[in-house]
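Everything below concerns the one structure shown next.
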Amino acid sequence: MKKCLIVGVFLLAASFSFAQMKWNVELYGGAMLFDETSGMNGPETVFTSTSILTGISGGVYFNDTIGLKAYLDFLIPLTYTAAPDGGTRATRGDYDFLLGMDEFFGVVFNVVKTERLTVPVMAGFHGKLFFSTIADYFTTAANSGIGLGIGAEYAFNDNWYILARVNGSFDFLGFSIMTPPEGGPKFDMALIRTWGFAPHLGIGFRF
């Protein structure tokens, strides 16, 4: 009897907690600017890029104030420059293929929450993947670090809202795999300095 009572209380608490959760999903577009100083695969190189992006995010709020959220952005670079120390400068036109992905996962906290207006602030893990091909050399680069974000959401009703926000990031660890046309792939890992800046505009749905 005691065990049944404990299980019943546990199930009741779990169902109550689940009922309090609020989920959301968002679709948005925007831009991504980043500036990276890296020593991977050769001399120290400064990479700069401006990309357009489209993305999706989803989250869960445990109450009206705090929750967890994740972003996934797909980047199409419009400008891209690689300037190695003492080497040859490469620009967007020198690359046969360029594509990026940006990830951000962390804790979100609503510093303002009214019937119509919500102002969420987020902090957590940030990562970026970049795929490139130049002169038959294919490179996959992955960066990791921390991210911060702040936004504003305006609700039309209980479900639909529009959003504007800015996510920033600082990456300090980088990995890369370069595959030359002949020979095996070369793996490298290094401390890096990458600053990122991504404004978003989009629409969201709460349920």
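Does the stretch 49-68 contain any residue that is surrounded by fewer than 17 Cβ atoms within 10 Å (Cβ to Cβ) and in contact (Cβ under 8 Å) with a residue 60 or more places away in the chain? First the steps, then the outcome.
If we filter the stretch 49-68 for residues that are surrounded by fewer than 17 Cβ atoms within 10 Å (Cβ to Cβ), which is where we start, we get 50, 52, 54, 56, 58, 60, 62-66, 68.
If we keep only those that are in contact (Cβ under 8 Å) with a residue 60 or more places away in the chain as well, we get none.
So far as the stretch 49-68 goes, no, none of its residues is surrounded by fewer than 17 Cβ atoms within 10 Å (Cβ to Cβ) and in contact (Cβ under 8 Å) with a residue 60 or more places away in the chain.
Within the stretch 81-99, track down each residue that is more than 12 Å from Ile52 (Cα to Cα), surrounded by 14 or more Cβ atoms within 10 Å (Cβ to Cβ) and within 23 Å of the chain's Cα centre (by Cα).
Thr81, Ala82, Arg92, Leu98
Would you tally the residues in the stretch 53-80 being under 16 Å from Phe130 (Cβ atoms), within 11 Å of the chain's Cα centre (by Cα) and not aliphatic (A, V, I, L, M)?
Summing the residues that are under 16 Å from Phe130 (Cβ atoms), within 11 Å of the chain's Cα centre (by Cα) and not aliphatic (A, V, I, L, M) in the stretch 53-80 gives 3.
Out of (1) under 21 Å from the mean Cα position of the chain (by Cα); (2) exposed (fewer than 15 other Cβ atoms within 10 Å of the Cβ); (3) within 30 Å of Thr37 (Cβ to Cβ), what's the single condition that is false for Phe175?
Unmet condition: (2).
Regarding the stretch 22-40, can at least one residue be identified that is among the aromatic types (Phe, Trp, Tyr), within 20 Å of Tyr137 (Cα to Cα) and either modelled with pLDDT of 90 or more or over 22 Å from the mean Cα position of the chain (by Cα) (or both)? Full working, then the answer.
Pass one, the stretch 22-40, residues among the aromatic types (Phe, Trp, Tyr): 23, 28, 34.
Still in the running and within 20 Å of Tyr137 (Cα to Cα): none.
The answer is no, given that none of the residues of the stretch 22-40 is among the aromatic types (Phe, Trp, Tyr), within 20 Å of Tyr137 (Cα to Cα) and either modelled with pLDDT of 90 or more or over 22 Å from the mean Cα position of the chain (by Cα) (or both).
What number of residues within the stretch 156-193 are farther than 22 Å from Gly29 by Cβ and polar (S, T, N, Q)?
Residues meeting the conditions: 3.
Phe47: closer than 27 Å to Phe109 by Cα, of a type outside the set (Gly, Ala, Ser) and either modelled with pLDDT under 95 or assigned to a helix (DSSP H, G or I) (or both), yes or no? Write out each step before concluding.
Working: closer than 27 Å to Phe109 by Cα: no; of a type outside the set (Gly, Ala, Ser): yes; either modelled with pLDDT under 95 or assigned to a helix (DSSP H, G or I) (or both): yes.
Here the answer is no, as Phe47 does not meet what is asked.
Would you mind telling me which numbered condition in (1) closer than 20 Å to Ile192 by Cα; (2) among the hydroxyl-bearing types (Ser, Thr, Tyr); (3) free of Cβ contacts under 8 Å to residues at least 60 places away in the same chain Ser176 fails?
The number of the failed condition is (3).
The values are calculated or read from the model by the stated rules, or taken from the named source; none is laboratory data. Given the structure is predicted, the values throughout are model-derived calculations rather than measurements. FYI the Cβ positions are ideal-geometry reconstructions off the backbone, even for glycines, and counts take in every protein chain you see.
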